[in-house]
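The values are calculated or read from the model by the stated rules, or taken from the named source; none is laboratory data. Since the model is a prediction, treat every value here as computed from it, not as a measurement. Because the Cβ atoms are built from the backbone with ideal geometry, glycine has one as well, and the counts that use them run over all protein chains shown. In case anyone asks, the SASA skips ligands and DNA or RNA and just uses the protein heavy atoms, side chains included. Shrake-Rupley method; radii C 1.70, N 1.55, O 1.52, S 1.80 Å.
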Amino acid sequence: MSSPADLKYSKSHEWFRCEGNTITIGITKHAADELTDITFVEPKPVGTVISAGGAIGEVESVKTTSDVFSACGGTVVEVNVAAVADPSLVNSDPYGCGWLVKLAVADPTPLKDLLNAAAYDSANAGH
Amino acid sequence: MSTTSTSALMHTPFHALHLEHGGRMVGYAGWDMPLTYGSIIEEHHQVRRSGGFFDVSHMGRVRFTGRHARRFLDRVCTRQILGMEVGQCRYSLVCNEQGGCHDDVLIYCYDEDDYLVVCNAANREKLLRHFEASRGDLAFKMDDQTVSTAMVALQGPKVMELIGNFSREIPSLKRYRFTQKNMLVVKLTVSRTGYTGEDGVEIILGSTMARTAMNMFLKDVKSATAIIKPTGLGARDSLRLEAGMPLYGHEIDEQTDPLTAGLAFGVKLNKGDDDERAGRFIGQEALQAIAQAGLKRKLVGLKLEGRRSARQGMPVTKSGSQLGVITSGCLSPTLDCAIAMAFVPVENAEVGTAVEVDLGRGSVAAQVVPMPFYKAPAP
């Protein structure tokens, strides 16, 4: 299955949607499938300053706990309370209702170095 | 996140079935097994509500026949094999000389000189070596039938009703009893046993006909209302944990004795005293000494605050000092709270004792609770 073409992807399986100076971050379908059923989501609270490469929160599944990282520094302006209340949204709709945080960023250019959908999919082909 | 290579892994007779149902395959003790077919939590609920089909063909099945088969099993098993009735299953540990566990097993008595031992997949080769090294001059045949047979577990409150359509005898079996059935040309061993805390059966049958024979239970599995649906190893783990059942490598291992692990029911400490024909078992002296000295640690159930899961190896603390360690943990799908098992000193093992669990990113409060965490309602 192909990942959405309008997003950018990290090798550590986060996706980024850039709208002006706001980026929305979530984990990819591949990551959600690998983690299996997600049971707990804890984004960093609104107002937290995240450095580039820093953790924006964590997700926990039946199997394991993982940090989720942002390729871009910024400040948390919104967290997905629906996903906190129902972590299974991250499994069922990772690119939609299962997003994790929105960051206000001064400079979204680091996202340009990330993978596009085709590159991300081919990196994970056969997995 | 890594994906295990599946090239060198063994396939059970149900491998194609797993793939047809979208099984997410993982390497487990040398076998390519389904972790889940979609959602571990949904599979868990399906078993508690209705029924699940588990391929457990990866577990070791070793047949012991001959004049001294019983004497040999009494030598390596902590339970007494002498006196088992034909058609009876018995849970036992296989211990080392120090009283640690080589494995936990289920013994099937087919006849007074014919037994089957079902063991954990990961321990099969180790056990075969241990059995070979312990046989001495006893006369019996040991036959590893793991590959020539298959094994499935059907577990859940509606399983017996379903089986009642095929057999009147099986639903009348008592717990830990088995019977043999002929179906067409297939010979089945059906036992009322399992590893989920639910009613149900485990079925052992020849591997060549296994898929065909099991299709009768799996006819409508793809419909939403199917009584039985395929269930993977993920749900098998969370089900056994809710039921307070030990898993080798977590609650028991070579360094952990069964008494400390709360499995005293699986140890006949005075074997051979009241009937010397039973003989004594490997590890008996060590376990008697452990029992006499009094247990220092105990396996307890914990209920954690919040929704984060404790994992194996995480410290259990009280007032900042470490008491013990988590052996298994999960967010219980049935109870909707975080549960775990842990070893703690006996002084801290009382139900109601408040402790903390260090989750690595901060501690959460937890309380010692009775096990099992979940008990199926009586039918």
- Task: Considering each of B:302, B:331, B:323 in turn, give the residue that is part of a strand (DSSP E or B), over 28 Å from residue B:196 (Cα atoms) and either touching a helix residue (DSSP H, G or I) at 6+ places or on another chain (Cβ under 6 Å) or touching a residue at least 12 places away in the same chain (Cβ under 8 Å) (or both).
- Result: B:323
- Scanning for something among the small types (Gly, Ala, Ser) and within 14 Å of another protein chain (Cβ to nearest Cβ), does the stretch A:66-82 turn up at least one residue? yes
- Consider residue B:273 carefully, then state whether it is out of contact with any Phe, Trp or Tyr (no Cβ under 9 Å at 6 or more places or on another chain) and crowded, with 21+ Cβ neighbours inside 10 Å. no
- Query: With B:35, B:19, B:9 as the choices, which residue is within 14 Å of chain A (Cβ to nearest Cβ) and at pLDDT 95 or above?
  - Reply: B:35
- Item | Candidate set from the stretch B:334-369 (those that are over 19 Å from residue B:196 (Cβ atoms) and in contact (Cβ under 8 Å) with a residue 60 or more places away in the chain); member that is surrounded by the most Cβ atoms within 10 Å (Cβ to Cβ) | B:366
- Message: I'm told residue A:19 meets every condition in (1) among the acidic types (Asp, Glu); (2) surrounded by 15 or more Cβ atoms within 10 Å (Cβ to Cβ); (3) over 28 Å from residue B:233 (Cβ atoms) except one. Can you identify the failing condition by its number?
- Response: (2)
- Pairing a residue in the stretch B:205-234 that is away from every other protein chain (no Cβ under 14 Å) and in contact (Cβ under 8 Å) with a residue 40 or more places away in the chain with any residue that is part of a helix (DSSP H, G or I) and open to solvent by 60 Å² or more (accessible area, probe 1.4 Å), where Cβ atoms lie under 8 Å and the two sit 6 or more apart in sequence or on different chains, gives B:227/B:161
- Item | Hits in the stretch B:5-52 (condition: part of a loop (DSSP other than H, G, I, E, B) and open to solvent by less than 20 Å² (accessible area, probe 1.4 Å)) | B:12, B:14, B:23, B:50, B:51
- Query: Does at least one position in the stretch B:178-201 carry a residue that is of a type in the set (Ser, Thr, Tyr), out of contact with any Phe, Trp or Tyr (no Cβ under 8 Å at 6 or more places or on another chain) and open to solvent by 40 Å² or more (accessible area, probe 1.4 Å)?
  - Reply: yes
